Amino acid sequence: LFRSAHVVLIIAVLLVAVAFERLQLAPEDAEALSGVLLDLPDISTLGMRASTEPYALLLAQTARQRFAATWAVAESGATGPAGNRYGDAPGHSCIAVAGRTERAITLETGSSDRLGNMHAFTVAALDLLADMLAAETGSSA
């Protein structure tokens, strides 16, 4: 799995998420930076908002295309301790994987523990990717 340069890209994207956290960017700043990195238009012009499955899938699809990756993982949500500006509670995360197949899920931890939510979101994202890779190869994750 880790022999692929494409998986390295996915890990790099997850590290960017950690950088957002370390910089303590406001949600709108993180969204703007994601848009710049992925060359996305203003999502309001697309009729969508962040922290939704369609938005997470758009991020994953765009990252996959922009970086010519086989697989890409994206996440958008509210880590806590408060909810986001869209009214989503802390612990809300929409996670998407784009590759030969695509899938998006919503995770609700019900917790305001920011660090715990970040861990839960990361585990869920990697589990989703592992499940999709296993389904592609016909093995179980």
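What is the local net charge at Q65, summed over the other residues whose Cβ is closer than 15 Å to its Cβ (Lys, Arg +1; Asp, Glu -1)?
+1
Using the Karplus curve 6.51 cos²θ - 1.76 cosθ + 1.60 with θ = phi - 60°, work out ³J(HN,Hα) for each residue of the stretch 127-133 in order, rounded to whole Hz, and write x for Gly and Pro.
Along the stretch 127-133, the couplings run 5, 4, 4, 4, 4, 5, 5 Hz.
Which of the peptides 48-57, 127-136 is most tightly packed, and how do the rest follow, going by the mean number of other Cβ atoms within 10 Å of each residue?
48-57, 127-136
Tally Lys and Arg at +1 and Asp and Glu at -1 over the other residues with C-beta under 13 Å from the C-beta of P90: what net charge comes out?
-1
Bear in mind that the values in this text are calculations on the coordinates, not laboratory data. Just so it is clear, the structure is predicted and the values come from calculations on it, not from any experiment. Heads up, the Cβs are rebuilt from the backbone with ideal geometry, glycines too, and the neighbour counts pull from every protein chain shown.
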